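The values are calculated or read from the model by the stated rules, or taken from the named source; none is laboratory data. Just so we're clear, the structure is a prediction, and the values are computed from it rather than from any experiment. Quick reminder, even Gly has a Cβ in these numbers, built from the backbone with ideal geometry, and neighbours come from all protein chains shown. We work out accessible area using only protein heavy atoms, side chains counted, and drop any ligands, DNA or RNA first. Shrake-Rupley method; radii C 1.70, N 1.55, O 1.52, S 1.80 Å.
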Amino acid sequence: MTYVDDFPGEARVVRTAFAIAFASIGLGGALGVLQALFRTGYSRSLFSSVDYYSILTAHGVLMALVFTTFFIVGLFTWGVTRSLDTGFRDLRFTWGWLGLMTLGTVLAFVTILGGIVGFIPTHAAVLYTFYAPLEASPTFYLGLALLVVGSWGAGVDYVLALLDWRAEHPDERIPLQTFMAVATMLLWVVCTLGVAVEVVVFLLPWSLGLIPRVDPLLTRTLFWYFGHAVVYFWLLPAYFVWYTIFPKLSGGRLFSDPLARVVFVLFLVLSTPVGVHHQYGDPGLSQGLKFVQMTSTYFILLPSLLTAFTVVASMEHGARQRGGKGLLKWLRALPWENPSFSGIALAGLAFAASGFGGMVNAGLNVNALVHNTMWVPGHFHLTVGTAVALTFMAITYWLLPQLTGKRLRLRTLAAVQPYLWFVGMVFMSNAMHRVGLAGVPRRTSEPQYEQVLFNTPIATMGELHLQTVGGAFILFASLLCFLAVVLSTWLGERGAEPLAVNGHIPEALSGPEHSPRILDDFRVWVALTFLLLLIAYGPPLAAMVQNGLFAPGSAPIPV
Amino acid sequence: MEIHRLEKIWIAVSLLFIVGLIASIVYGVAGVGVGTVGDTGQQLDPSALDDTEFADPGGHWASEDHYVVHVVARQFLFQPGTQEPITVPANTTVTFYVTSPDVVHGFDVVGTQLNTMVIPGQVTEFTTEFDEPKTYGIVCHEYCGAGHQSMAGQLVVVPADAMSQNATASADAANASAVNASTQASIATPEVPA
Ligand code: HEM
Ligand SMILES: [Cu+2]
Ligand SMILES: [Cu+2]
């Protein structure tokens, strides 16, 4: 029995969420190519330097917020119901939150579009970080708020399903996939509290003219309370795939279930209290605070290093099961022609590379070399743009047949797609990192200045521009392959051929019974998270609020 | 809980690595003295900079061996910086104070460690020393509106004796009038569509 036969209602929810995610990444990718062409000066005739920022806002929102969030709630819906073997309590509630998310997305997107097309009287060229006092139309903030609040509904569904399951299995350990989904959603709720307060209490009333001023530093700090942890909200679903499905794709099984749980708990507890590392260059926050948050930032490397170990170990274990031998020759025994496998393996490779960049970003003083330069998009196109996005695409090849009951089509296109993405990103991201080191700023439509000379060692600026644009086109080609495979599979005939995949996941070598029970008690971990948050964010927020909630304040400045 | 021997080794190595990273930064901050901006405790009303020392931005000697520069970053120029360069003495302690009357800007002296944010209501303070005469570019690297891509400037480091205390007095006067000019220019900045 495939998933769609067992849970037809939930399968439809997952398919709908995925469809919206794929539409976003397709559209966002097209905008990405336009940005690459514009910035590098290859084409400045399609739109103006000013429109660039509306386009960049759309790219950031569609990719970082819409694509990720929709895919994640879909993936977890599958993982939770499959691993608990129970459906959701009431699918009307489920469609309610999915509808809310969709409504929010449409509102935000139309608002952004208003900045480019004349007949929509809205604007939101504030980028996806929307720092006050730059101001967007209220519908932008409202849309984002609905997207976030809707996604909380997904968390409620997972927890309710877990409680139902718990009532029938009082003594069992929480299945790993559900454990991971719940931990991630708890992290998500905790971190989005910051941006929810920012938007609902400050920006929305302010853009409606109900309050005259907001404090730019306070709202910015609330944003970054959310803004770092959100990367773990993107990353953990990829880890969920790496831990629970990837070992099977490699031909083996997960090493250690207990350690996987420890890793997720560490992320839940440590992710949010480190947001200030995005504000190293900000005035108004003390060096001591920045130092403390840098230390915790480095400790959050630990769960990622543990994950690296597990992924490589699972791969090797799988390869040896398949008859692989030797110190490194076992790599050849892996199913590199299977896009689900190769996509994830390449995603992991990109993530390892970007880890080193991340250590540079996190260094209190080294950060000044790269802060807000093109290095930063170079870095996160490897992390969220590859480690996460490529994992999501790869696992779609494996999930879609189970969600639709249709066998994957256009398999050759599917097989080359992850490699294309990887190569495209190597070019684009390498070029971005290097122009960034030369000091070229990010988020700028025309990074050429009369008064400024950028020193690029080794390659010339022209070569790096060519790499950026070339990489962008390869990426877009890869996206088209992905969308073609998805669409043609989706439109295929159900049951025409037996599926080549199934959702069975082998037991871990070391099972959950080897881990302490307290790991499954989320109340403890959430309490600990709030305690750390109080230590990390209590003092700076208290200091800012003491000056007055809206002081020193700024009136809105429309763009 | 049972942890594989290899995993234990990996965890130990990872922890050592993390502690090493932190130690290297501590060394950079405490030993070499490369810091970052902190909290000055100074706040001001961004809509009333005229009542502050930013009313008349520019550089002056605070003492014999300490030069101080006030810069206003606004849509879409640095004052001074864009219309006339910021001039500072070499081999001298220089303190920058930067603020913004409108939105968040960036202040990045390309090719140096001087890379900070400028936030309305806050004062960014950064002390540094330039060892030799040289011209640097400054860019605004935080999106600040429709003309963001045009917001840049220059920082010129000159020999300290070329900026004798007397010479600065008159240079200051010149700065002041230049600032007036640039304020007017900013009002009439043409690039931004309505
Ligand atoms: C076809 C593939 C893609 C291309 C060609 C592309 C290209 C670009 C370019 C050129 C920038 C602009 C940099 C700037 O002016 O600062 C950018 C920014 C960005 N991209 Fe992509 N990108 C792609 C895929 C993705 C993916 C898959 C994600 C995430 C899931 C992503 C997330 C972002 C974000 C968050 C920004 C920053 C927006 C901002 O700074 O406000 N991109 N991208
Ligand atoms: Cu600016
Ligand atoms: Cu700017």
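Heavy atoms of the protein only, probe of 1.4 Å, neighbouring chains included. What is the accessible area of residue A:534 in Å², nearest 10?
That residue has around 120 Å² of solvent-accessible surface.
Could you give the nm distance between label points at residue A:1 and residue B:131, where each point is 7 Å from its Cα heading toward the beta carbon?
In this crude label model, residue A:1 to residue B:131 measures out at 7.4 nm.
Taking a probe of 1.4 Å, how large is the accessible area per residue of segment B:1-149, in Å²?
39
Choose one of A:7, A:488, A:104: the residue whose Cα lies farthest towards the positive end of the charge dipole of chain A (beta-carbon charges +1 Lys, Arg; -1 Asp, Glu; about the Cα centre).
After comparing all options, I get A:488.
Can you find, among A:283, A:346, A:425, the residue farthest towards the positive end of the dipole of segment A:279-427? Put +1 on the C-beta of Lys and Arg, -1 on that of Asp and Glu.
Highest projection toward the positive end goes to A:346.
Of the options A:385, A:499, A:318, report the single residue whose Cα projects farthest towards the positive end of the charge dipole of segment A:3-558 (beta-carbon charges: Lys, Arg +1; Asp, Glu -1).
Going by the charge dipole, the pick is A:318.
Expressed as a whole percentage, what fraction of the accessible surface of segment A:3-558 belongs to carbon and sulfur atoms when a 1.4 Å probe is rolled over the protein heavy atoms? Let's see the in-between values first.
Values: 13170 of 19180 Å².
Ligands and nucleic acids excluded, carbon and sulfur give 69 percent.
Do any residues of segment A:512-559 show a loss of at least 10 square angstrom of accessible area between the isolated chain and the full protein assembly, using a 1.4 Å probe, and if so which?
For segment A:512-559, once contacts with the other chains are taken into account, A:514, A:516, A:547, A:552, A:553, A:554, A:557, A:559 lose 10 Å² or more.
Compute for segment B:54-130: radius of gyration divided by Kirkwood radius, i.e. Rg/Rh, restricted to C-alpha atoms, rounded to two decimals. If you can, show how the numbers build up before the last one.
Numbers: Rg = 11.8 Å, Rh = 12.6 Å.
For segment B:54-130, the value is 0.94.
List the residues of segment A:251-270 for which accessible area in the full set of protein chains is at least 40 Å² lower than for the chain on its own; 1.4 Å probe, protein heavy atoms only.
A:259
Rounded to the nearest 5, what is the percent of antiparallel bridges among the DSSP beta bridges in the protein assembly as shown? Before the final figure, lay out the partial values.
Values: 29 of 43 bridges.
Counting DSSP beta bridges with both partners in the protein assembly as shown, the antiparallel share is about 65 percent.
Give me a comma-separated list of calculated 3J(HN,Hα) values for segment A:385-401, in order, Karplus coefficients 6.51, -1.76, 1.60 applied at θ = phi - 60°, integers in Hz, x for any Gly or Pro.
Using θ = phi - 60°, the values come out as x, 10, 3, 7, 4, 5, 4, 5, 5, 4, 6, 4, 4, 8, 7, 4, x Hz.
Over the protein assembly as shown, what number does the Rg to Rh ratio reach, with both radii from the alpha-carbon atoms and Rh per Kirkwood?
Details: Rg = 26.5 Å, Rh = 27.0 Å.
Result: Rg/Rh = 0.98.
Leaving ligands, DNA and RNA out of it, rank B:53, A:198 by accessible area with a 1.4 Å probe, largest first.
Putting B:53, A:198 in descending order of accessible area: B:53, A:198.
In whole Hz and in residue order, list the ³J(HN,Hα) couplings for segment A:435-442 that follow from phi through the Karplus curve 6.51 cos²θ - 1.76 cosθ + 1.60, θ = phi - 60°; x for Gly and Pro.
So the Karplus estimates, Gly and Pro as x, are 5, x, 4, 6, x, 5, x, 7 Hz.
Where in chain A is the longest stretch that carries no trypsin sites (Lys or Arg not before Pro) classed as loop by DSSP and with at most 15 other Cβ atoms within 10 Å?
Of all site-free stretches, the longest is A:90-321.
Counting only residues 5 or more places away or on other chains, whose amide H sits under 5 Å from the amide H of residue B:87 once H atoms are built in the peptide plane?
B:156
Can you tell me how much longer the chain between residue B:40 and residue B:55 gets when fully stretched, taken as 0.36 nm per residue apart minus their C-alpha distance, in nm with one decimal?
So the chain would gain 3.5 nm between residue B:40 and residue B:55.
Residue separation times 0.36 nm, minus the C-alpha to C-alpha distance between residue A:12 and residue A:352: what's the value? Could the numbers behind the result be given before it?
Values: separation 340, 0.36 × 340 = 122.40 nm, distance 3.48 nm.
Gain on stretching residue A:12 to residue A:352: 118.9 nm.
Rolling a 1.4 angstrom probe over the protein chains, ignoring ligands and nucleic acids, what is the accessible area of residue B:140 in square angstrom, nearest 10?
Around 0 Å² of this residue is reachable by solvent.
Using the heavy atoms of the protein chains and a 1.4 angstrom probe, tell me the accessible area per residue for segment A:3-558 in square angstrom.
Spelled out: the 1.4 Å probe surface of segment A:3-558, per residue, equals 34 Å².
Just to be sure I understand: if you take the accessible area of chain B alone plus chain A alone and subtract the pair, with a 1.4 Å probe, what total do you get in Å², rounded to 100?
5600
Ranked from the most accessible area to the least, with a 1.4 Å probe and all protein chains present, what is the order of B:17, A:267?
Values: B:17 85, A:267 0 Å².
Accessible-area ranking of B:17, A:267, largest first: B:17, A:267.
Taking θ = phi - 60°, what integer Hz values does the Karplus form 6.51 cos²θ - 1.76 cosθ + 1.60 yield along segment A:505-517, in sequence order, with x for Gly and Pro?
In residue order, the calculated couplings are 10, x, 4, 6, 4, 10, x, x, 5, 7, 9, x, 5 Hz.
Just grab the label-to-label distance for residue A:119 and residue A:43, each label 7 Å out from Cα along the Cβ direction, in nm (one decimal).
If labels sit at residue A:119 and residue A:43, their model points lie 2.5 nm apart.
Students often get this wrong: which residues of segment A:296-311 have the backbone nitrogen under 17 Å from the point 7 angstrom along Cα-to-C-beta of residue B:12?
A:306
Treating only the Cβ of Lys, Arg, Asp and Glu as charged (+1, +1, -1, -1), what charge dipole size does the protein assembly as shown show about its Cα centre? Round to the nearest 20 debye. Could you put the intermediate results ahead of the total?
Working: 34 positive and 48 negative charges, 609 e Å.
Its charge dipole is roughly 2920 debye.
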